[in-house]
1. Excluding the sites themselves, what is the longest stretch of the chain that contains no GluC sites (Glu not before Pro) in a DSSP loop with at most 12 other C-beta atoms within 10 Å?
2. Stretched out fully, how many nm does the piece from ASP143 to LYS46 gain, at 0.36 nm a residue minus the Cα gap?
3. Just the number, please: carbon plus sulfur as a percent of the accessible area of the stretch 52-96, 1.4 Å probe, no ligands or DNA/RNA counted.
4. For VAL152 and LYS116 in the same chain, what is the full-extension length gain: residue separation times 0.36 nm, less their Cα-Cα distance, in nm?
5. Let's test the formula: R0 of 30 Å, r as the Cβ-Cβ distance of GLU127 and ARG32. What FRET efficiency results, to the nearest 0.05?
6. I want to check the label-to-label distance for LYS19 and THR80. Put each point 7 Å from Cα in the C-beta direction and report it in nm to one decimal.
7. Using the beta-carbon distance between MET62 and GLN134 and R0 = 25 Å, what value does 1/(1 + (r/R0)^6) give for FRET efficiency, to the nearest 0.05?
8. Just name one of THR80, ASN63, ASN113: the one whose Cα is farthest towards the positive end of the charge dipole of the chain (beta-carbon charges, Lys/Arg +1, Asp/Glu -1).
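The values are calculated or read from the model by the stated rules, or taken from the named source; none is laboratory data. Every value quoted in this text rests on a predicted model; they were computed, and no experiment measured them. Note that we place each Cβ from the backbone using ideal geometry, even for glycine, and neighbour counts take in every protein chain shown. For accessibility, only protein heavy atoms count, side chains too; no ligands or nucleic acids. Shrake-Rupley method; radii C 1.70, N 1.55, O 1.52, S 1.80 Å.
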Amino acid sequence: NYLKSKYSLEATMILGELKDPSAVEPLVELLRNSHSSGPAQSALAKIGETAIEFLIKGLQDMNSEVRKRSRKTLIEMKWTPSGEEDRISFHIAGKNYGKLIAIGKSAIEPLINSCKDKNFESWKIQETRQALKQIVGEDLGEDPTKWLKGWVKNKEKL
């Protein structure tokens, strides 16, 4: 089993280096693995356009590490978000809270959802909480579930 996975990883990386689009999905999956994420990011950047759709989905992953690695790869590819949803995901992955505050109300639910990640440290929750407080105008506490309930209950008032 070890040999099979080792050779699969190597084959995927070679396909990525050769810019083979069939390697995109396995390479995106490798972004979840901290041991192979760097080479996977480089291979995806070389593949180019075909990888962008998958990396944009990675910006919305529930794992903050996948979001961060997807963002880094997109930056390496010189991609910039065009739509608001992509901008919000891009800024959440980069922890650009000031830009999220400027976006306003449409950033609230994605910001709340980003805190549900098990990799999300408490200091990040504090920064997210401060951004939400500035957008909403009140502090909804430390529990993201309460934030979401408060948002659903009060979003018509904003």
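1. Longest run free of exposed loop sites: 1-120.
2. Details: separation 97, 0.36 × 97 = 34.92 nm, distance 4.05 nm.
Taking 0.36 nm per residue and subtracting the Cα distance, the gain is 30.9 nm.
3. Taking all protein chains in place, the stretch 52-96 shows 49 percent carbon and sulfur surface.
4. Values: separation 36, 0.36 × 36 = 12.96 nm, distance 1.64 nm.
Here the segment from VAL152 to LYS116 would lengthen by 11.3 nm.
5. Numbers: r = 24 Å, r/R0 = 0.80.
Using R0 = 30 Å, I get an efficiency of 0.80.
6. It works out to 2.4 nm between the two label points.
7. Details: r = 24 Å, r/R0 = 0.98.
E between MET62 and GLN134, to the nearest 0.05, is 0.55.
8. Towards the positive end, the residue furthest out is ASN113.
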